Amino acid sequence: MSFQLFGLPVSRGIAIGRAVLVASSRLDVAHYYVAAKDVETEIERLRSARDAVARELAAMQRDLPIEAPAELSALLDVHLMLLHDDTLTGATKHWIRERHYNAEWALSAQLEVLARQFDEMEDEYLRERKADLEQVVERLLGVLARGDDGASPLVSHVVTPEQSGEDPLVLVAGDISPADMLRFKGSVFLGFVTDVGGKTSHTAIVARSMDIPAVVGAREASRLIRQDDWVVIDGDAGVVIVDPSPAVIDEYRAVKRQRDLGRAGLARLRHLPAVTLDGQRVELLANIEQPGDAGAALAAGAAGIGLFRSEFLFMNRDGELPGEDEQFEAYRTAVEAMHGRPVTIRTVDIGADKALDRMSANELRHEHALNPALGLRAIRWSLSEPAMFRQQLRAILRAAAHGRVRILIPMVAHLSEVRHTIDALTRARQQLDDAGRAYGPVEVGAMVEVPAAALMLPAVLRYFDFVSIGTNDLIQYTLAIDRADEAVAHLYNAWHPAVLQLVAQTVACANRLHKDVSVCGEMAGDPAFTELLLGMGLRSFSMHPSQIVTIKERILATDASRWAAAIERVLGADDPEHECQAVAAECVARGDALVATASAV
Ligand code: PEP
Ligand code: MG
C-alpha cells in the first residue's frame with residue numbers, strides 16, 4: 001500500500017527507484033554491479049567466503065579451551081547453522097544472479113531482509129538471534145574484504161548502472177556519515193533518504209554537492225520502507241512516496257522531465273558574467289570536498305574555489321591521516337585544475353558531525369564530548385595538534401607555488417587563536433625555508449561562523465586579508481540549534497533577524513575596511529537570499545557548482561542598489577522573509593525581471 005513520509009528537502013530533483021536499505025555499519029561495503037558473464041564467478045566468491053568462514057568457526061570450536069562454558073560451543077553451532085541456512089547464502093545468491101549485485105552488496109541486502117524478519121518475531125530468544133546473524137555476515141564481509149581463499153573482488157568487471165539494465169536504485173539508511181556519503185559519488189544510487197539529519201548537516205551538504213535528490217530527517221524511513229520497495233524521492237518538497245501507483249510514478253516522471261529541461265536551459269548562462277541589472281559585477285565561486293571536484297567547478301563557470309573542505313581528505317582513513325606530501329598533491333591537483341583562478345583551502349574542520357574514524361586521545365575526548373559542536377572542532381582541534389597543523393600549512397604553502405592559493409581558518413572566535421594560527425604559519429614557512437622547499441605567497445582569511453567573530457570583526461580583520469561567512473554554523477551558534485539534529489530543525493532558520501543582522505554587519509564592516517568578503521555557507525547557494533545578500537553589499541558568493549547558474553540567473557535579474565535601499569526595512573522587520581517577498585514583488589511590479597530577461601538573452 002502506498003504511503004508518504006515527510007522529511008527535510010536537502011538536495012533538489014526527483015529520483016524514482018527501488019529502495020536499497022543499508023544499516024549505517026554496513027554502508028562501507030562496496031556497491032557495484034557485476035557483468036552478466038561474471039555472475040557465476042561472483043557466486044563462487046561468495047561460496048569461497050562461506051567455506052572460509054565455516055573453517056574459521058570449526059577451528060574456533062575445536063580450539064575452545066576445556067574450561068570454556070558449553071554455551072560457547074552451542075553458539076558457534078548456531079553460527080555455523082546460520083551460515084549454511086538457505087535463507088542467508090541461498091537468498092544472497094538470488095541478489096547476485098537476478099540483480100547482478102556484487103557479493104558484499106547482495107549479502108548486506110539479504111541481511112536487511114532477514115533482520116527485519118527477526119525484529120518482528122514474537123519469541124524473544126529467536127529475536128535475539130539477529131545479533132548472531134549479523135556477526136556471521138560481518139565474518140563473511142571480512143573474508144570478502146580481505147580477499148581470502150579466492151574471494152577477492154572482481155572490480156575490473158564492474159558495470160555502470162546504465163549498462164546493467166537494472167531498475168534504478170535509491171539508498172535508504174538510518175544515517176549516513178558525511179565521509180560515507182562522499183563514497184557514493186558516482187555510485188549506483190540515484191537518490192538518498194535518511195531517518196536523521198538536518199538541512200545543513202554535512203551529510204546533506206555532500207548530498208547537495210553530488211547534485212542528486214535527497215531527503216533527510218524522514219524519521220522512520222528505514223523502518224517503514226522495505227528492501228526493494230519502489231520509492232519516489234522529491235528532493236524539492238522533502239517528500240518520499242513509498243510504493244507509488246503507476247499513475248503517481250508517471251506524474252513524477254513528467255515533473256522530472258520538466259525540471260531537467262529547465263535546468264538544461266539554465267546551463268546556457270554558464271559562461272555569462274554575473275552582473276546585476278545596475279552593473280555590479282559579482283564573483284561566483286565553488287565549494288568542493290575533493291580535488292577532483294575542481295573539474296565540476298570549472299564546468300559550472302566558477303571564478304575560483306571559495307571553499308575547499310580539506311577535512312574530507314582526513315576522514316575514513318582508519319587513523320592514517322594524510323601526510324604532507326599526500327596533502328600537497330591533493331591541493332596542487334585542485335590548484336592546477338583551476339588554471340590560475342584562486343583556490344581557497346580551508347584548514348581541517350574536523351569535529352561536530354565530521355568525525356575522524358580512529359581516535360587519538362584528543363579525538364577521543366572530542367568523541368565523548370557532550371556537545372561536540374561546541375567542543376574541540378575546527379581551528380581548536382588544529383591548534384591542539386600543532387605538528388599536524390603545521391604539516392597541513394606546509395602542504396598548502398607548497399601548493400601555492402603552483403597557482404593562486406588562499407588559506408581559510410574555520411571557526412575563529414578568539415584573538416589568541418588568531419595569533420597562534422599566524423605563529424603556526426610563520427613556523428611552517430620557516431620549516432620549508434630550512435628544508436629548502438619551494439612555496440608560494442598566500443592570502444589568509446577567517447571564517448565568520450561564530451557570533452563572537454562577527455561582533456569583533458574589526459579586531460579580527462587586523463590579522464586577515466579576507467573573511468568568508470559560514471552561515472551554516474553562524475545560524476547554529478547564533479540560535480543555539482544543532483544543525484545536524486532533525487528534532488530542532490524547524491528552529492534552524494536562516495531568516496532569523498539576528499542571523500541576518502550579523503551577516504549584514506559582517507559584509508558592511510569588511511567592505512568598509514576594504515577586505516574581501518564572501519559567503520560560503522548554504523545561504524550563498526539559496527536563490528531566496530540572493531537579492532538580500534546583494535543588497536547588503538555582498539559581491540562574492542561561494543556554493544556547490546550545481547547551484548551557480550541558478551544564482552547567476554537571480555543576479556542577472558536583480559537591481560542591487562534597489563535592494564540596498566530596502567535593506568534597513570528588511571533587517572528591521574519581525575519577519576524578514578515576508579518583507580523580502582514584498583520588496584521582490586515591488587521590483588517585479590517595476591518590471592526589473594523583464595529588463596533582466598531582455599538583457600540576458
Ligand atoms: C559554514 O559553516 O557555513 C561552512 C561553510 O562550513 P561547514 O558547512 O563546512 O561547517
Ligand atoms: Mg562551518
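The values are calculated or read from the model by the stated rules, or taken from the named source; none is laboratory data. Remember, predicted model here, so these are calculated numbers, not experimental data. Heads up, the Cβs are rebuilt from the backbone with ideal geometry, glycines too, and the neighbour counts pull from every protein chain shown. Note: areas computed on protein heavy atoms with side chains; ligands, DNA, RNA excluded. Shrake-Rupley method; radii C 1.70, N 1.55, O 1.52, S 1.80 Å.
Quick notes on this one:
- Qualifying residue in region 459-479 (condition: in the same structural domain as SER384 (by TED's automatic domain parsing), within 14 Å of ligand 1 (Cβ to nearest atom), without any contact (Cβ under 8 Å) to a residue 24 or more places away in the chain and not polar (S, T, N, Q)): yes
- Taken as a whole, the structure leaves ASP293 outside the set of residues that are under 20 Å from the mean Cα position of the chain (by Cα) and open to solvent by 40 Å² or more (accessible area, probe 1.4 Å).
- Failed criterion for THR558 (all others in (1) under 26 Å from VAL450 (Cα atoms); (2) buried (at least 24 other Cβ atoms within 10 Å of the Cβ) hold): (1)
- Residue in region 462-478 that is under 30 Å from SER201 (Cβ atoms), surrounded by fewer than 23 Cβ atoms within 10 Å (Cβ to Cβ) and aliphatic (A, V, I, L, M) present: no
- Residue count, region 298-324 (criterion: open to solvent by 10 Å² or more (accessible area, probe 1.4 Å) and part of a helix (DSSP H, G or I)): 5
- Residue selected from region 481-495 under the condition assigned to a loop (DSSP other than H, G, I, E, B) and either among the acidic types (Asp, Glu) or within 15 Å of ligand 1 (Cβ to nearest atom) (or both), by the criterion nearest to GLU568 (Cα to Cα): ALA494
- When ALA524, ALA489 are checked against the criterion of being touching a strand residue (DSSP E or B) at 6+ places or on another chain (Cβ under 9 Å), open to solvent by less than 40 Å² (accessible area, probe 1.4 Å) and farther than 25 Å from ARG406 by Cβ, a single residue qualifies: ALA489.
- With respect to the conditions (1) among the β-branched types (Val, Ile, Thr); (2) within 16 Å of ligand 1 (Cβ to nearest atom); (3) open to solvent by 30 Å² or more (accessible area, probe 1.4 Å), ILE422 falls short on a single one, namely (2).
- Only one of LEU479, LEU538, LEU532, LEU491 that is hydrophobic (A, V, I, L, M, F, W, C), more than 14 Å from ligand 2 (Cβ to nearest atom) and touching a Cys at 6+ places or on another chain (Cβ under 8 Å): LEU532
- Single condition ARG257 does not satisfy, out of (1) in contact (Cβ under 8 Å) with a residue 24 or more places away in the chain; (2) surrounded by fewer than 15 Cβ atoms within 10 Å (Cβ to Cβ); (3) part of a helix (DSSP H, G or I): (1)
- Residues being without any contact (Cβ under 8 Å) to a residue 40 or more places away in the chain and within 17 Å of SER382 (Cβ to Cβ) - total across region 294-321: 2
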